[in-house]
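Have a look at the structure below, then the notes.
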Amino acid sequence: MEMFSKELHELDKNTVKYMIEEQQAEIEEQQKELEKERREKEQAQKKMEQKQIEQKKMEQEIKELKKQLEAFQK
């Protein structure tokens, strides 16, 4: 009977170890996904900032062209 108890104890120990390894693998996968999402977010943010800079340049160019147009109309 004692031998059976030891085997059950070892089986329980191995099951717990397996569950911990599975959870660790899941955590690592989630961390990878979060890092990927963070990088994608950073890239999107940089792209948006670049578009805002381009928009400001275009707005400034439009102002200058309007001034030139007004000068020609006088």
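Worth a mention:
- Which listed residue, of GLU61, GLU26, is at pLDDT 95 or above, surrounded by 10 or more Cβ atoms within 10 Å (Cβ to Cβ) and under 34 Å from the mean Cα position of the chain (by Cα): GLU26
- Here GLU37 does not qualify as more than 29 Å from the chain's Cα centre (by Cα), surrounded by 10 or more Cβ atoms within 10 Å (Cβ to Cβ) and charged (D, E, K, R).
The values are calculated or read from the model by the stated rules, or taken from the named source; none is laboratory data. Nothing here was measured: the structure is a model prediction, and the numbers come from that model. Glycine also receives a Cβ, built like all others from the backbone with ideal geometry; neighbour counts cover every protein chain displayed.
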